[in-house]
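Any read-out appearing in this document is the output of simple, stated calculations on the displayed coordinates, not a laboratory observation. In this text the structure is predicted, and so the values were computed from the model without any measurement. Note that we place each Cβ from the backbone using ideal geometry, even for glycine, and neighbour counts take in every protein chain shown.
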């Protein structure tokens, strides 16, 4: 691996973690904790993306131990982002936002079994509350669990994809040219 | 006349660590003030208090007739333009022009006025040729200048600048001096934190020195900069032009290069050729 | 769990013994972290499931909380190097840990700077999404811009692929600890085997 | 003994048409301090990257001519916060990061680190977490970290940018001592007034090419003053219309005046 990609991974992982802390400032119910994973994938391919996801989860785990099983979600996000980047979906918001919504579905499909079988669907306060709401609406336990993850993931992943698209569009060409896949992701090569 | 800024017995501490103790001073419209002192003397805290990012523990910070306690930072932005350290990290638009117009647009001043303020700010710092460039394609020094232009474009009554010349070479520092003098002539007051005494001498007229959280000096900058023994306890030494004036005992002890050159020529004419 | 056991096995002595009193602190933190799970479990499930899953979560939380309490990042990184892991891998972990507070502080500065330029984070969803853009873009752009400089810096400071780095003050590792770690890993594997069969 | 020899070096960054360096020939001897001066974008930073063997090897781009380094080099980049290793949780470990990567034995690492910490007067900060340091403190830590790798060729890009006047004075003294110990020093700075006391030779870069090379007196040259590269004293003298040669420093001016 080139030294530049080695340097990219911690930066991308730290971007995820810093953003999910900073998002409080605008009072929106978002995580943004896959931003770095998606961005690293779009810039440098799936290997770098997966490494970013794993490092993000590992460091997050030091803060909250229940995050570790969700490393699987980070890996799936990286793979999905890779497919989206190859298909050029980051070139405009019109394609990026639906792609993000699609990821929302896939991410909640991945996190539901983990959440359900490991934690009885009690992962974090927010998701647990929406799950309880699902139960109150008469959904069966697994369905309520999916509902809970889905409500929180759906918007988050759409915003994350839109944010990554903004970044790729705002990235100066000279910076983009330094990463192997960036120009392709923005449709410049 | 109401001062643009008045600190009235201001004290502030970070938890149990005191940062400022009973600091008072006024700044009048158009006045150009240097805030000097060692690292950790409390200078950056003053900036944060004026920008409304911190509230004083005791005393009051008045920006015009507004008590900063009652104002959010985004409201104070109508009167105070603040340049923080590492300001180049706040740029995000795809062109310098777009980034500079972000502030006035956020204040909601109307599109034509946004355009005018943006043009003026770029012009004042000679950035017009770079207006269409991506900020991150510029060398770091020009990026820093672009951030300063973004603050000028707010056209505030008071500019508070934290180390505006770090990383700038002499030519760019001269641009900053020129731009700030123009703003001051138009009535804006300046409060500038700087380690760069040559820049301070060229640009500013009054010197405040903070020493461990208290105001140790408040006097004309020229007198202070020419006096090595007074500067020494604050870890400062006279800038070269002031040192030259003192060494040659030039009349009036000028601290600005142009004035020193004029005095030097005048005195030399009255002397036999060496 | 298995992955954790593996990491502990392959990196000798990363943890220092937390002692008796810190042990109590760890236990209290673990119980406090696990408590909300119990509440939500009770809301969502019957009592048997609550107890089964609750105990599982508590065990998991407790072991991680213990790990975090006992683990100094610097020691882990050095232990990884001492155990023959590649310095690059240790770098990924260590650099992320230290970049997080740096970028968090920068995010805070950006929020303040944009507010001082008149940005208001109040208003409807659209206004707040625009505010998010003005906060997140500078953070991400400036961080990405620095990747190049970080690469140059790593190169100048000798962290290049394939180096043989000298571990700095690696934590001591005794044969007993080594044996205990392997035994724990075997126990994990055995438990896993029984579950699967 | 030469430490660095550049012969007819031109360099292009990736995806650019005009060269950042044009036909630069320069040598730096052990024990010598050479300062690069010039306007923004004149090529001083690029020249340092070439001297450090980072351009084009890491930056990409294209180099013609020849660059020979006879010693191991260490470069201090202008942004200290990106040069921190990220793997150290104390200043001592930060300084030891480079020496450890060189695979030195532990006692040698300790010796070099302790020496560098003493040279930059960092002992009071040795156990602090680098994340908590101010810009100026971090800059001193990075300089120490590069010196602890014991480079024969020391390359410094605006090393005083983040320092206050105390810190800058200490740095210039240290640079003189490094040269006395036999190291070759190549530095880029816009702090022109410090150079008469620091540099043995000054290289004036313009638009990627060498415009002039000479002793620090170069900074009192008419052309240098007019290009904004004269020392403050020389510039005042030139502006006043007094005849040349212009004094370089306050001390020179005083001698001339009497």
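Some observations on this one:
- CD proxy at 222 nm, helix term only [per DSSP H run n ≥ 4: -39500 (n - 2.57); per residue of chain D; nearest 500]: -10000 deg cm²/dmol
- Folded to 0 to 90 degrees: helix A:71-86 orientation relative to chain A principal axis, Cα: 40 degrees
- Most mobile of C:126, C:113, C:105 in a GNM of chain C (Cα contacts under 10 Å): C:126
- Prolate/oblate/rounded label for segment A:1-135 (Cα gyration tensor, a/c 1.5): prolate
- Ellipticity at 222 nm from helices only: DSSP H runs of n ≥ 4 in chain C, each -39500 (n - 2.57), divided by the residue count, give -27000 deg cm²/dmol.
- Counting only other chain Cβ atoms within 10 Å of each residue's Cβ, the peptide D:157-166 averages 4.
- Peptide packing: for D:7-19, B:90-102, B:135-147, B:228-240, the average count of neighbouring Cβ atoms within 10 Å per residue gives the ranking B:90-102, B:135-147, B:228-240, D:7-19, highest mean first.
- Relative contact order of chain D, defined on C-alpha pairs under 8 angstrom at six or more residues apart (%): 24 percent
- Part-to-part distance (alpha-carbon centres) for segment B:169-226 and segment D:142-215, which is given in Å: 28 Å
- Among beta bridges that DSSP assigns inside segment B:124-274, antiparallel share in %, nearest 5: 55 percent
- FRET efficiency, 1/(1 + (r/R0)^6) with R0 35 Å, evaluated for residue D:23 and residue D:255 via beta carbons: 0.35
- Chain B shape via C-alpha gyration tensor axes, a/c threshold 1.5: oblate
- FRET E, pair residue A:27, residue B:171, Förster distance 45 Å, beta-carbon r, rounded to 0.05: 0.50
- Acute angle (nearest 10 degrees) that the helix A:3-22 long axis makes with the longest principal axis of chain A, alpha-carbon atoms: 40 degrees
- Fraction of antiparallel bridges per DSSP, the protein assembly as shown only, in percent to nearest 5: 55 percent
- Percent antiparallel among DSSP beta bridges (both partners in segment D:4-216, rounded to 5): 50 percent
- Label-point separation in nm, residue C:189 to residue C:163, each point 7 Å along Cα→Cβ: 3.4 nm
- Note on C:168-178: average number of Cβ atoms from other chains within 10 Å of each residue's Cβ is 2.
- Average projection, convex hull of the Cα set of segment D:217-258: 2.5 square nanometres.
- Each Cα pair under 8 Å and six or more residues apart adds its separation to the average, and for segment D:217-258 the resulting relative contact order is 35 percent.
- Taken residue by residue and averaged, Cβ atoms of other chains lying within 10 Å of the Cβ of A:20-33 number 5.
- Segment A:3-185, relative contact order in percent, only Cα pairs under 8 angstrom and at least six apart counted: 25 percent
- Residue-averaged 222 nm ellipticity for chain B, from DSSP H runs of 4+ at -39500 (n - 2.57), nearest 500: -11000 deg cm²/dmol
- Estimated FRET transfer efficiency (residue C:173, residue C:28; beta-carbon r; R0 35 Å; 0.05): 0.75
- When chain B is treated as a Gaussian network with alpha carbon springs shorter than 10 Å, the biggest mean-square fluctuation among B:172, B:154, B:180 belongs to B:172.
- Cα-based radius of gyration of the protein assembly as shown once divided by 2.2 N^0.38 Å, which approximates compact folds: 1.01
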